[in-house]
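Step one of this worksheet: look at the structure below.
Taken together, the values in this text are just the output of simple stated rules run on the coordinates, not laboratory data. Everything numeric here is computed off the predicted structure, so don't read it as measured data. Note that each Cβ is placed from the backbone with ideal geometry, even for glycine, and that neighbours are counted across all protein chains shown.
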Amino acid sequence: MKVIAIPEYCLGCALCEIYCAAEHDGYQGQVLKAFKKGQPEPRSLLLVNGPVSRLNTCRHCDDAPCLHGCISGAIKRDEEGIIHIDEQRCVLCYTCVMLCPYGHVHPSARSGRIIKCDLCRDSEGLPACVRHCPNGALKLCSGREEV
Amino acid sequence: MKYLIVGNGIAACGAVEGIRSKDKEGGITIIDGEKRGAYTRPLISYYLSDPHLYRDINYRSLDFFREQQVKLIPARALHLDPALKRLTLDDGRQLSYDKLLLATGSTPVQLPIPGAEQAWVKNFYTLQEAEEIQDELEKVQEVVVVGSGLIGMKAAEALSKRGCSIHLLEKESQLLPRQLSPGAARLLQDYLSRQGWDIILGEELTLIHPDHKVELNSHRLIPADLVIIAAGTRPQIELAQEAQVKVNRGIVVDSYFRTSDDNIYAAGDVAETLNIVSGKHEVMALLPHAHQEGYLAGCNMAGCNYPDTGNILMNSLSLLSWKICSAGALEGQGLEFLSWCRKEQLLELMIKDNYLQGYIAINIPEITGPLTNTIRHKISIPASKWEEFIAEGPALKHIPLTYWQELRRIESYGSN
Ligand SMILES: Cc1cc2nc3c(=O)[nH]c(=O)nc-3n(C[C@H](O)[C@H](O)[C@H](O)COP(=O)(O)OP(=O)(O)OC[C@H]3O[C@@H](n4cnc5c(N)ncnc54)[C@H](O)[C@@H]3O)c2cc1C
Ligand code: SF4
Ligand code: SF4
């Protein structure tokens, strides 16, 4: 399972980033609370280069370099195949960062802690970015489907 | 099928995961020579910096081994007989196997220095050594660390966090000689000196006096309550050697991690595997490689044919508040160098004939994933594109487009 970004449909509005941040760290999707009072940290970042933009999502790779590489055993795969981080165990060595082909798993610009997409595994329904993209530029797919 | 794994480290854990992805039934036994369970070796420095916070440094828990139905035997393997397919342990037990994995890792290189046998001269390689240092730490103020490789650096960092005075000794003319260029090393040296580290380059230890002093070849004397020898590691190949399994510096394996004996495999620090950049089989003693190799070896022991596609040298070192990443070949014939530096950030790219061969990135970790994989997958991108990347201020969004296009073509990361 993974979220696929379709650059042709992406307008670069960054709502995906906003709703991603609000879905995590206990904000429960409350955008105002996260952005007015909190410390929002989006797990996936929008890559904007001139007119081209796309959300840089995690592929939850089969042969995941970040998982092989994590020096503390903090990166795990759950039963659904979702690659996620046990933050209690992370020692901030950044080995996963230098291994991810997509540059997806990254240090938060705000706190330096390591964050990545967990497909909103702690909430119900579709991942927040997919749910909130107004342009249909994000799609949850399973299997080897690519766009 | 009876699987036997010698060593209970990173590669062993990878192997259990690999075997079990194919074979849920076969019996797996691990010989745990350190008798400490599967702990994460790199975390011993974190343990030493804060023994309370890092009291649990398991890589895989006992529950993991229970769930995977693995039998752990706390003992050292002494003797391997490939003809009888039999392993003898130091408690006298003998075990038979169908497939055996040598995952015995590395061991520190010892320096023949007079005085090195004293109790306050230590290596920094096992949890036990870290615990011994911790137990004595109240009496320690002055620490001499010999060797500025990754292990020496992490030991020095932990001890400086505990309030010790650090004297870091490196026989080469720069810090981290295998991970950094001279320029990058100078930047790091300035930073560490500002943190109060006493850095001594181009000198060797000649003598360790019983009255807590060490002597250098310049005859300079340094006070020392504790000396840490971190002068490199070597693969633990003794079992293989004695069993007449083919070895060079490490154990020789084919691309399926099989040794010269069909029923014996080797993975992790102890094996020589393909370095994509040099094109040679080398010992690349790194944790990510150990896990991946162990995993693939495990799959292959269970009947798959998953070839190793090779790896590259790479390291991410976090040192106090600095993040130092480097990968690939940092020097060599015909390399073109591009560099960028801003305050405490630095990026150096080494390029040859449209191929990125290596990089050093200090305090700019977020761009390193694509760089590592450009090298790893030999993606052809002309130097001019990298010049543009650097000119725009190195950022993920400026990674050359070709990289992302090529990445889409690379199947192996797939998805599930
Ligand atoms: C302080 C420190 C920091 C490090 N930091 C990093 C880092 O940041 N990044 C990185 O990539 N790598 C790092 N490393 C290296 C990393 O720990 C190794 O590459 C990795 O542990 C190799 O895994 P392995 O399974 O091959 O060997 P190990 O994990 O060492 O496991 C081998 C085990 O086999 C046992 N054994 C050997 N012989 C026998 C025998 N005859 N019978 C029974 N058991 C036996 C050994 O005692 C050992 O427990 C670091 C190492 C140290 C010491
Ligand atoms: S973080 Fe990167 S390497 Fe890890 S699963 Fe996601 S895309 Fe793959
Ligand atoms: S930064 Fe954290 S999650 Fe990433 S490899 Fe290091 S310990 Fe694992």
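How about B:Lys161: which lysines have a C-alpha closer than 17 Å to its C-alpha, ignoring those fewer than 8 places off in the same chain? Reachable lysines: B:Lys139, B:Lys323. Residue by residue, segment B:386-391 carries 3J(HN,Hα) couplings of 5, 4, 4, 4, 6, 4 Hz when phi is fed to the Karplus relation 6.51 cos²θ - 1.76 cosθ + 1.60 (θ = phi - 60°); x denotes Gly or Pro.
Between B:Ser148, B:Ser321, B:Ser339, the Gaussian network model of chain B with springs among Cα atoms under 10 angstrom shows the greatest mean-square fluctuation at B:Ser321. When +1 charges are put on Lys and Arg Cβ atoms and -1 charges on Asp and Glu Cβ atoms, the dipole computed for chain B relative to its Cα centre reaches about 840 debye.
Note down the relative contact order for chain B as a percent, whole number, built from C-alpha pairs under 8 angstrom at least six residues apart. Relative CO of chain B lands at 15 percent.
Around the Cα centre of the protein assembly as shown, unit charges on the Cβ atoms of Lys, Arg, Asp and Glu (plus for the first two, minus for the last two) sum to a dipole of about 1080 debye.
Could you give the Stokes-Einstein D for chain B in µm² per second, using the C-alpha Kirkwood radius, 10 °C, 1.306 mPa s? Translational D for this selection: 69 µm²/s.
In order along segment B:230-236, the Karplus-derived 3J(HN,Hα) couplings, from 6.51 cos²θ - 1.76 cosθ + 1.60 at θ = phi - 60°, round to 10, 9, x, 10, 9, x, 8 Hz, and Gly and Pro are given as x.
Segment A:6-65 and segment B:353-376 have Cα centres separated by 24 Å.
Cβ screening of chain B for cysteine pairs under 4.7 Å finds these without a partner: B:Cys13, B:Cys164, B:Cys325, B:Cys341.
Within segment B:58-106, the trypsin sites (Lys or Arg not before Pro) that combine a DSSP coil assignment with at most 15 other C-beta atoms in a 10 angstrom radius are B:Arg93. Taking every residue in A:103-112 and counting other chain Cβ atoms within 10 Å of its Cβ, the average works out to 3.
Among the GluC sites (Glu not before Pro) within segment B:1-42, those in coil by DSSP and having at most 10 neighbouring Cβ atoms inside 10 Å are B:Glu25. Evaluating 6.51 cos²θ - 1.76 cosθ + 1.60 at θ = phi - 60° for every residue in segment B:239-256, the Karplus couplings come out as 4, 5, 4, 5, 7, 6, 7, 5, 9, 10, 6, x, 6, 7, 10, 8, 6, 9 Hz, glycine and proline recorded as x. Taking chain B as a Gaussian network, where each spring joins two C-alpha atoms under 10 Å apart, which residue of B:Pro365, B:Pro112, B:Pro74 fluctuates the most? Maximum fluctuation in the GNM of chain B, among the listed residues, is at B:Pro112.
Counting only other chain Cβ atoms within 10 Å of each residue's Cβ, the peptide A:58-69 averages 6. Applying a DSSP loop filter and a limit of 16 other Cβ atoms within 10 Å to the trypsin sites (Lys or Arg not before Pro) in segment B:301-381 leaves B:Lys343, B:Lys378.
Computed over all pairs of different Cα atoms, the Kirkwood value for the hydrodynamic radius of segment B:321-413 is 13.3 Å. By definition, a body whose alpha carbon gyration tensor gives a ≥ b ≥ c is rounded when a/c is under 1.5, and segment B:128-241 falls into this rounded group.
Residues considered: B:Cys325, B:Cys13, B:Cys304. Largest GNM mean-square fluctuation over chain B, using C-alpha springs under 10 Å, is found at B:Cys304.
Other protein chain C-beta atoms within 10 Å of residue C-beta, averaged over B:401-408: 2.
Under a 5 Å amide H cut-off, with hydrogens placed 1.01 Å from N, B:Ile5 pairs with B:Thr29, B:Ile30, B:Ile31, B:Leu101 among residues at least 5 apart or on other chains. Database note for chain A: Cys without another Cys beta carbon under 4.7 angstrom, A:Cys10, A:Cys13, A:Cys20, A:Cys61, A:Cys70, A:Cys90, A:Cys93, A:Cys100, A:Cys120, A:Cys133, A:Cys141.
Only DSSP H runs of four or more residues enter the estimate; each adds -39500 (n - 2.57), and after division by the residues of chain A the mean residue ellipticity at 222 nm equals -3500 deg cm²/dmol. For A:Leu55, the amide hydrogen comes within under 5 Å of the amide hydrogens of A:Leu47, counting only partners 5 or more places away or on other chains and with H modelled in the peptide plane. Straight-distance candidates among the lysines for linking to B:Lys397, with alpha-carbon spacing under 20 Å and chain neighbours fewer than 8 residues away dropped: A:Lys116, B:Lys385. Ellipticity at 222 nm from helices only: DSSP H runs of n ≥ 4 in chain B, each -39500 (n - 2.57), divided by the residue count, give -7500 deg cm²/dmol. Averaging Cα coordinates gives a centre for segment B:201-240 and one for segment B:253-317; these two points are 32 Å apart. For B:His79, the amide hydrogen comes within under 5 Å of the amide hydrogens of B:Thr88, counting only partners 5 or more places away or on other chains and with H modelled in the peptide plane.
Shown for B:Leu111, B:Leu175: other C-beta atoms within 10 Å of each C-beta, ranked fewest to most, produce the order B:Leu111, B:Leu175. Each of A:Cys66, B:Cys164, A:Cys16 has some number of other Cβ atoms within 10 Å of its Cβ, and from fewest to most they run B:Cys164, A:Cys66, A:Cys16. Estimated from the Cβ-Cβ distance and a Förster radius of 22 angstrom, the FRET efficiency linking B:Trp322 and B:Leu53 is about 0.60. The ranking of B:Phe124, A:Phe35 from fewest to most other beta carbons within 10 Å of each one's beta carbon is A:Phe35, B:Phe124.
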